[in-house]
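For reference, the structure discussed in these notes is given below.
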Amino acid sequence: MNYQLLKEEIIEFCKHNGIDKIGFTTADPFTEMKNRLIRQEELGYQSGFEEKDIEKRVNPSLIFEEPKSIISIALTYPSKMKNAPQSKKGERRGIFCRASWGKDYHDVLKDRLAKLETFISSKVPNARMRSMVDTGELVDRAVAERAGIGWSGKNCSIITPEFGSYVYLGDMITNLPFEPDAPIEDGCGTCNKCVDVCPTGALIQGGQLDSKRCIAFLTQTKDFLPEEYRSKIGNRLYGCDTCQTVCPVNKGKDFHFHPEMEPDPEIAKPLLKPLLTISNKEFKEKYGPVSGSWRGKKPIQRNAILALAHFKDETAVEDLIGLLNKDVRPVIRGTAAWALGKIGGEQAFLALKHSLEKETDQDVIVEIKKGLDFFNEA
């Protein structure tokens with residue numbers, strides 16, 4: 001079998017089948033990544049969403065019998081929204097990060113990888129393959145880096161020369177011995193912009209992230225958001241793009257190659273107040289197709305409340321009082337109480353005083369008192 005010819009045929013197939021970049025690497029263990037993951041774990045920087053077994057994350061042979069090579073693919077996504085609606089007084093809007101615009105990227109990449117598997121099988125019927133996107137065991141950034149897709153930037157994203165860091169990544173382990181591609185030389189140099197402007201200081205140093213401080217992680221949690229971060233998430237409903245938007249390599253990078261990745265402006269940048277009372281059914285119908293919905297509506301609603309507090313939106317006071325008095329979820333009641341204090345006004349003050357008399361949940365009582373403290377500070 002001429003594997004070099006097959007590799008060239010695969011590259012050509014990708015050009016015409018919605019894969020923007022492809023790279024090949026060995027199936028050797030990722031020893032450097034193992035050391036980094038161990039260090040991350042020791043420092044308590046892991047998010048908790050990762051595969052728990054570090055050995056599986058760095059050793060392809062533990063998840064695939066006799067692997068010979070790994071294929072890495074990248075698909076670029078838009079960085080600019082056409083016809084983006086404006087947030088204005090009384091009609092404030094939140095924002096989903098760019099990676100959650102359009103159809104859920106997991107589905108898009110799985111589709112591309114499935115087509116690639118079919119093509120390879122047509123050429124080599126006995127080929128074995130296993131594809132994964134994001135939630136697989138392997139660290140897709142490590143695979144992409146070694147496969148020459150891009151370099152691992154100080155913002156902890158893979159940065160490609162062509163598309164910047166606005167790329168989704170997918171991997172395919174195979175038993176076919178392809179010639180590996182060479183990694184790309186690091187292009188960050190002395191630039192430290194992403195580290196310097198990270199809103200929560202989550203980028204400890206270039207290439208090291210404290211996931212628990214990262215806004216992208218914080219917006220996905222379901223509990224009360226720690227108070228030190230509440231004023232820092234702004235109007236973000238899911239994810240954070242700051243470390244990407246300040247990257248000089250990303251300047252001017254905006255590609256619209258894939259129709260399914262185009263955002264619906266009313267979903268990617270939705271009105272905040274309707275989110276407060278949206279039903280589970282409505283949420284699934286409207287937001288279910290985007291990746292930012294994977295944790296359900298509760299984190300999005302909590303973040304919408306914090307965004308309204310960020311804007312000090314007085315038109316939302318009645319809606320927030322409704323949540324404080326009627327919502328069965330303590331996190332939503334308590335966050336609404338905090339937001340009412342942040343927004344201020346007599347109506348909010350009276351609502352907090354009244355709720356303090358009847359609330360029984362201790363966590364919510366703490367938040368009501370925090371809300372009332374804002375009035376004492378005024």
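Residues Ile184, Ile233, Ile215: which one is over 21 Å from the mean Cα position of the chain (by Cα) and either of a type in the set (A, V, I, L, M) or within 30 Å of Pro289 (Cα to Cα) (or both)?
Answer to the check: Ile184.
From the list Pro289, Pro299, Pro274, exactly one residue is assigned to a loop (DSSP other than H, G, I, E, B), of a type outside the set (Val, Ile, Thr) and under 28 Å from the mean Cα position of the chain (by Cα). Which is it? Show your work before the answer.
Values: Pro299 fails: assigned to a loop (DSSP other than H, G, I, E, B); Pro274 fails: assigned to a loop (DSSP other than H, G, I, E, B).
After ruling out the rest, the residue left standing is Pro289.
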Residues that are acidic (Asp, Glu) and in a strand (DSSP E or B), drawn from region 156-181: Asp171
Odd one out for Pro125, checked against (1) over 25 Å from Tyr166 (Cβ atoms); (2) assigned to a strand (DSSP E or B): (2)
Residue, surrounded by the fewest Cβ atoms within 10 Å (Cβ to Cβ), within region 268-299, restricted to residues that are among the hydrophobic types (A, V, I, L, M, F, W, C) and closer than 23 Å to Lys80 by Cβ: Leu271
Residue match in region 134-154 (condition: in contact with a His (Cβ under 9 Å, 6 or more places away or on another chain) and either modelled with pLDDT under 95 or among the small types (Gly, Ala, Ser) (or both)): yes
Residues within region 307-361 that are more than 18 Å from Glu377 (Cβ to Cβ) and in a loop (DSSP other than H, G, I, E, B), tallied: 7
Among the candidates Gly345, Gly371, Gly322, residue that is of a type outside the set (Lys, Arg), modelled with pLDDT of 95 or more and within 28 Å of Ala216 (Cβ to Cβ): Gly371
Residue satisfying condition, being acidic (Asp, Glu), in contact with a Pro (Cβ under 9 Å, 6 or more places away or on another chain) and within 15 Å of Ile173 (Cα to Cα), within set Asp107, Asp28: Asp28
Residue identified as over 30 Å from Arg302 (Cβ atoms) and small (Gly, Ala, Ser) among Ser121, Ser79: Ser121
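Inspect all residues belonging to region 97-109 and state whether any of them is of a type outside the set (A, V, I, L, M), in a loop (DSSP other than H, G, I, E, B) and surrounded by 22 or more Cβ atoms within 10 Å (Cβ to Cβ).
At the first step, the residues of region 97-109 found to be of a type outside the set (A, V, I, L, M) are 97-98, 100-107.
Next cut, in a loop (DSSP other than H, G, I, E, B) only: 97, 101-104.
After this cut, where a residue has to be surrounded by 22 or more Cβ atoms within 10 Å (Cβ to Cβ) as well, the list is 101-102.
Yes, some residue in region 97-109 is of a type outside the set (A, V, I, L, M), in a loop (DSSP other than H, G, I, E, B) and surrounded by 22 or more Cβ atoms within 10 Å (Cβ to Cβ).
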Which listed residue, of Ser100, Ser157, is in contact with a strand residue (DSSP E or B) (Cβ under 9 Å, 6 or more places away or on another chain), polar (S, T, N, Q) and under 22 Å from Glu260 (Cα atoms): Ser100
Sole exception among (1) modelled with pLDDT under 95; (2) exposed (fewer than 14 other Cβ atoms within 10 Å of the Cβ) for Pro248, by number: (1)
Qualifying residues in region 164-191 (those that are among the acidic types (Asp, Glu) and either over 24 Å from Phe255 (Cβ atoms) or touching a residue at least 60 places away in the same chain (Cβ under 8 Å) (or both)) - the one surrounded by the most Cβ atoms within 10 Å (Cβ to Cβ): Asp171
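The values are calculated or read from the model by the stated rules, or taken from the named source; none is laboratory data. Computed from a prediction, not measured in an experiment: that's the story for all the values here. For neighbour counting, all protein chains shown are included, and Cβ atoms are generated from backbone atoms with ideal geometry for every residue, glycine included.
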